[in-house]
Structures are given as C-alpha cells and as structure tokens.
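Working notes, structure below.
What follows draws every value from the coordinates through simple rules; no lab data is involved. This is a predicted model, so every value here is computed, not measured. All Cβ positions, glycine included, derive from the backbone under ideal geometry; neighbour counts span all protein chains shown.
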Amino acid sequence: MKQTTALFLSRVVASLMAMGLSLLALGAFIFWITDRVDVDAVERQREIAELAISEIQFDISHNQESSTYWDEAVVQAKRADSADWLDENLGTWMHTFYGMDELYVLDATDAATYAFADGERQEPQAFARRAEVLRPFLAQLRTDIADGTAPPEGNGRQSIDVASFLYIDGRPAIASVKPILSDSGTLVQTPETTFVHVAIQYLDGPFMTKLARSYVLEKLAVVPAEQQPAGTVGITIEGHYGAPSVAFVWVPFMPGERLALSISPILALVALLLMAGTLLLSSVSYRRKVDQIETEARIRYLATHDGLTGLHNRAAYEAEAGRLIDGLEERPTEMQTAFLFMDLDRFKQVNDIFGHHAGDVVLTEFARRAEQVIPPGSHLFRVGGDEFTVLAPRCAADDLEVLCRRLIDCLAEPIALGDRKAHIGVSIGVSLAPRHGTDWHELNRKADVALYHAKAAGRGCHSVFGSQMDDSIQSRAALEDALREALTDKRQLAVYYQPTFACGNRAIHGVEALVRWEHPENGSISPAVFVPIAETAGLIAELGLWVLERACTDARPWPISHVAVNVSPRQLKDPAFAAAVSAVLARTGFPAARLELEITETALAGPGTAVAANIKALSALGIAIAIDDFGTGSSTFERLKEIEFDRIKIDQSFVRSIRESKGDAEIVRAMIALAHAKGLVTTAEGVETAEQRDALCALGCDELQGYLLGRPMPAERITALVETA
C-alpha cells in the first residue's frame, strides 16, 4: 500500500506537479508574449495615426499652395470682376478636387471677397460666421507676413501658412490660412496688400470614415482632449491660435489579447495546451517573419521601381540591359535586342502651364498607355524626369517599326487634365544589339544620339542609330571646339561688309557687317553652320560683341549714314546687353546715331520684358533698330505699337518672286506702304536682278541690298569704294 502510494506520488503527483509548474511557466511566458505583441501593435498604430495627422496637415497646406502660390491668383484676387475665376480656382475647384469643405478669399483687411460653404458658392458675407474663430489665425499670419517669415526648410512648401486643428460649430476640423503670393516673384506685394486664402476641412463624416479605412484604425474620431472615451487610445494635438487641444482616438486592435482569449479554454487540457503553446509561439514567430519578409520585399521594390508611375526605374533598366546583352549569343542574329530611348515632346510646357501635378498626371498616363502597346517580353522603364526606355528582345525590323509607331500613336489622343487637355508627343531614338555593339553603355549612348536626331527631325517620330549620326555629333563637337579656339585669338575670324544703296542711284547709304570664319584646315565655314553652334554653345554673346566692336572700328572713317550689325535673340534677352553696346561705342568712339542693330522677328515672340527693355535703352542712346527678314516671323505691325523701330528689311523670299508672283508684289507694296505710314525706312534684301531692282524702286522701296549691287567684301574694299564714290 505504502509502495503504491510512493510510486503514485513519485510518478503521478511529481509528474503532475512538474507538469503544473511547466504549464504555469509556459502560461506566464505566453501571456507575456501576447502583452508585448499588444504593446507593439498599439505603438505601430500610434505611428500610423501620427502619419495620418501629419498628412492631413501637409495636404491642406500643399493643396492650397497649388493655386495660391501663383501670379495669376495674385492678379485675379484683387480684381473686382474675378468672382468666377476665384470660384473656379480657389473655391469650387478645391472642394471638388481636394474635398475641402469651406473656402474663403480675404482682402488685405481680412474682409471676405469670396466664400464657398455648404457645398456651393456663397455671398462673401458668409465668412462672418467664421471670422471670430479664425481671427487669431489671421493675426498670426499677418504678423508672419510682416516679419518676412519663410516656410521651414525641407517641408516641401513654397509659402508660409497658419494651421491648426479646432472645433467649428461643434464639429472637429482643420483650418489653414495662406497668403496668395507670386510664384515668379515679378509681382510687387507688400504685407499691407497681400490677400489671404482660408481653407477648412471637417474631420468627421465621410472624411473620417475614409481616413480610418485608409489607415486601418477602427472607429477613428477626433474629440476634445479631455473627453477621450474609455477603451480607446489616442494622440493629443495641442491647440494653437486660441483653439483647444484635440485628440485623435481609435479602438486599438489588440492581436495578443484576442489570441489569449481564444486559446484560454484550451489551457485546461494539458495535452492540447502544449500543442496550442507551440502553435502560438510558431504563429508569433511566423507573423514576425512575415512582417520582416514583407518589409524587405517593399525595400527591394522601391529600389527597382519608380514611385510615381510604378514602372521599373533606372537601376532595374541597367540590370536588365546587362542581362540581355549577356544572353545575346543565345539568340538568332536576325533577332535584335532593341534599346528605345523616349523623351516626351512639349512636356516642359505642360509643367509650366498646368503645374507639376499635371506633369505627374501626364507621366502616369503615358506609362499606362505605353505598357498597353509594348509586346510581351518587352520591358518599359522610367529612367528620368520625362525620359523612358523600352528594352525589346527578339525584335525583328518589321516589329520595331510597328512598336515605334504604336508608342507614338498612343499619345495621339490628348491627355485630360480636369476640364483641359494636354497635347504632347514622344520622340524615340533606337539602337540595336548586336548590330550597333554589345556594350550596353555604348548602346545607350547611340540610342541617345538617335533620339537627338529624332527631335531635330521635327519630334513625334523615331530614328534608328546610324554611323552618320555619330559622325554628325562628333563633327559638331569638333566645330564647337574649333570655334572656341578661334574666339580666343580671333585670327581665323573676319568681318565682311555688304553695302546698301539708295533706290534710283548708286550712292552707298550704309553697310551690313557679316562675320566670316576661315578655318586653317577646313577652309571657309558658312555662318549658317557655325552661328547656330555659337548659339547653342553659349558663344554667341562673345562673338556678337566682337563683330560689333570690329564693325564700329572699321566704319568710323567711312562717309556713310549707318553700319548695321546683326543681334541674336539670346543677346537681346540678356539684361546687360544695352550696357555692353554702350561700352563698345565708348571704346571705339563710333557715333550711336550711325549704328543700326538688326533683330529678327523671332526675337520678339513670346514674353520678352528684357528684350523690350534693351530695345528701349538702345533707342534712348540714339541707336537705330531694324527688323531683319520682315514678314517671315511671328510678329506683325501690331508689335510696332509696343516697341519703336526705325527700319524694316524685306526678306529676300518676297524679293525673289516679286516679278513672277503678283501676290508677293502686293505683299511688298503693303509692307512698304505700312512702313512709310509709320515713318520707317525700308530695305529690300537679296536683290539679284535688274528687274527686281526696278520693281522695288517702282514700289517705293528706300534702299536695296544684294549681289546685283554688291557682295560682302572686306573693310579695305569698302574704304576704296567710298573713296571713289
């Protein structure tokens, strides 16, 4: 009996006690783990909630800035008749596009000039019900404007704002007030004249439901800080500018607590408890491992994908290009690997006109359309701002032609930007492996060269690399280097002069200075070749001022009325150009009244405050201004109402057919009549026949220039010519 009892005690009771202690230890460990999981889960939810709060604060200011940091907004806000414009850009549009609930525009005295509330445009007096609660906001903003406060660095904003969470009519909300500022900086604004934009977003109803769903926060709500409901966790946001503190609260998701409750009945069963414990530990470990794997996968994804379009990025492109090149020997020789470099045409204009948000829409839409037309097995990448590439393995010649055409045609339909449309295109440069090489760096370069030629050919087309393209690029680069060298000592450069004559006699009235380049190896290089190179290489200003100074020096003793020097659009756009011309006149002693500067009509196209200022300053010096190649550019006599000129030069394209085309003769007649009505002198270029001379004189043209009368010649020939006249 005693033996049985001892055996029972030693085997059963001891085992039960040992098992009981083990179960207690295991149970304690399990409950500790679940508590830690809950703590971590709540902490993660706090981080998510903080992210949501910061996004609310950032979004309202950022979305306001899309229309308040804008020259047009500054101008329109001050106009008495701009209510519709304000509604479309600072009111209804922001409600529709960004979901803002109330929007107001206030003048420099904080009186409302526009109001939007309750889903529709209101009378400006509707702001009165918000004036009291927003008065501290406006006072702080006016103080910041007066102090010249700048937005904090790194916050992605261009202008300051005053924003805070608050309660309005018992509803939680966020309010943001922002100044309406000039984005170009060209509009004069003072603190006393700055208008203000007010935006209010209510943080309840559908907005909060959507926010809770987006961030997976159950029953997310905003309550007064001192009224946080039991059973919730929250983040308290201190109120600013007189607003009370509020709390973002939610019902926490407690995975550990739920797990413990679900397995608690099983703890009574010893055998199943061990299995449940193992399962729990395995589940926790698995969950942590899954989280780690998902995080690493996200990091890998971001390292190889473009965040805006979702396409693979440059790093992925380089890896794929190297992989395809390594596998070239496995493919038939007739099946090429195509490297397509694409650049969107007119994309910069979209950003300038519609804003960068619209640019993002264009990039995303092009990526979507392009992915639909590339063949299976090909890959589309975004490698830069508006630069995309396609890698197309096993691409036959016919397939390449079809692919390029499809990519170009996919942008035939304009891209919708709200109620407006963006008309863009795409240019494509192509290199082929192994035809053009087996080094992907070199294939990239050749595709880029081909893209350059596609753009030069008129955009909206594709070009396959050819050796002549490389030769052209290298030749152009060599010419640019040679031109830089020629400009250092000027010995290869010369100025020739083509005389102009009065109609009806052979008297020389003036000369036009023309630059010539005699290369020691390549001989005479046409200005039509090297002047555009000088333009793109940034050398035209130096070259132009040298020609001007040489012409003033040579022409000073000549008994002629004027010497004409051509000026490039780039020179005219330089605010310091007029001062540079004045300095040349001072150095050479050449009279300003005898100098005439010829500009083309294209220099007057588009906005040109610097151009107009230069012309005004040059005219004030007494320098005459002539429009060269008149009738071929984009300006008209309407521009003569804005800027004073002294002469027009009728383009030789009209002179050439003046006897054959009655229409051209009538155009020339109209030009001369209009010029004379404005008191301008007329000069006809490109006179090559006696018939052209006689016709122009009959039409009343003042001066003639052309090979019939005199070719461009060096200065000494002009000296001899005027001495014998």
Exercise. So if R0 is 51 Å, what FRET efficiency would R405 and H519 give, r being the distance between their Cβ atoms, rounded to the nearest 0.05?
Worked result: 0.75
Seminar exercise, completed: Between the residues A77, P569, T682, the Cα farthest towards the positive end of the dipole of the chain, that dipole coming from +1 and -1 charges on the beta-carbon of Lys, Arg, Asp and Glu, is from A77
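Viscosity 0.692 mPa s, temperature 37 °C: give me the Stokes-Einstein translational D for the stretch 122-205 in µm²/s, with Rh taken as the Kirkwood radius over C-alpha pairs.
On the way: Rh = 14.2 Å.
Reported coefficient: 231 µm²/s.
R0 = 60 Å: FRET efficiency of T609 with M19, Cβ-based, nearest 0.05?
On the way: r = 91 Å, r/R0 = 1.52.
It comes out at approximately 0.10.
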Problem set entry | the stretch 497-512-the stretch 374-429 distance, computed between alpha-carbon centres (Å) | 55
Exercise. Between the stretch 681-710 and the stretch 78-101, what's the alpha-carbon centroid distance in Å?
Worked result: 59
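Quick one: putting +1 on the C-beta of Lys and Arg, -1 on the C-beta of Asp and Glu, what dipole do you get for the stretch 442-543 around its Cα centre, in Debye to the nearest 20? Write out the running numbers ahead of the final one.
Working: 10 positive and 13 negative charges, 72 e Å.
The calculation lands at about 340 debye.
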Problem set entry | Net length gained if the chain between A593 and A494 were fully extended (0.36 nm per residue, minus Cα distance) | 33.2 nm
Problem set entry | Ranked T209, T724, criterion: other C-beta atoms within 10 Å, fewest first | T724, T209
For this session: Name the lysines eligible as straight-distance cross-link partners of K573: C-alpha to C-alpha under 16 Å, and not fewer than 8 places from it in the same chain.
Result: K616
Seminar exercise, completed: Computed from the beta carbon distance with a Förster radius of 25 Å, FRET efficiency for C697 and T719 to the nearest 0.05 stands at 0.35
For this session: Averaged over every viewing direction, what's the projected area of the C-alpha convex hull for the stretch 480-636? Give it in nm², one decimal, please.
Result: 10.2
Problem set entry | DSSP-defined beta bridges in the chain - what % are antiparallel, rounded to 5 | 75
Exercise. What Kirkwood hydrodynamic radius, in Å, does the stretch 418-458 give when the mean of 1/r is taken over all pairs of distinct Cα atoms and then inverted?
Worked result: 11.7
Problem set entry | Convex hull volume of the chain per residue (C-alpha atoms, cubic angstrom) | 268
For this session: Taking the Cα atoms of the stretch 336-384, report the difference between the largest and smallest coordinate on each principal axis, in whole Å and largest first.
Result: 40, 17, 14
Seminar exercise, completed: When the charge dipole of the stretch 13-77 is computed with +1 at the Cβ of Lys and Arg and -1 at the Cβ of Asp and Glu, the Cα pointing farthest to the positive end, of S61, A28, I48, is that of A28
For this session: Please work out the Kirkwood hydrodynamic radius for the stretch 383-497, using every pair of different C-alpha atoms, and report it in angstroms with one decimal place.
Result: 16.9
Exercise. Check L417: other-chain or 5+ apart residues with amide H under 5 Å from its amide H, H built from backbone geometry?
Worked result: A422
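Find the relative contact order for the chain and round it to a whole percent, using C-alpha pairs within less than 8 Å whose residues are 6+ positions apart.
Details: 1112 pairs, mean separation 51.7, N = 725.
Normalised by residue count, the contact order of the chain is 7 percent.
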For this session: Please determine, in degrees from 0 to 90 and to the nearest 10, the orientation of helix 314-326 with respect to the longest principal axis defined by the Cα atoms of the chain, where the helix direction is its Cα long axis.
Result: 80
Problem set entry | the chain - charge dipole about Cα centre, Lys and Arg +1 at Cβ, Asp and Glu -1, debye rounded to 20 | 1140
For this session: Find the centroid of the Cα atoms in the stretch 523-592 and in the stretch 163-238, then give the distance between the two in whole Å.
Result: 59
Seminar exercise, completed: Length-normalised contact order of the stretch 179-240, Cα under 8 Å, at least 6 apart, in percent, tallies to 21
Exercise. Cα extents of the stretch 452-558 along the three principal axes, largest first, in whole Å?
Worked result: 56, 36, 24
Seminar exercise, completed: Fewest-first ordering of I293, I174 by Cβ atoms within 10 Å yields I293, I174
For this session: Check cross-link reach from K78 to the lysines: straight Cα distance under 26 Å, and skip same-chain residues fewer than eight apart.
Result: K178
Problem set entry | Alpha-carbon spread of the stretch 679-725, three principal axes, descending order, Å | 33, 27, 16
For this session: Give the dimensionless ratio obtained when the Cα radius of gyration of the stretch 6-133 is divided by 2.2 N^0.38 Å.
Result: 2.28
Problem set entry | Cα→Cβ-extended label distance, 7 Å offset, between T553 and D81, nm | 5.8
Seminar exercise, completed: Ordered by fewest other Cβ atoms within 10 Å, a rough proxy for footprinting exposure, L328, L514, L51, L103 read L51, L328, L514, L103
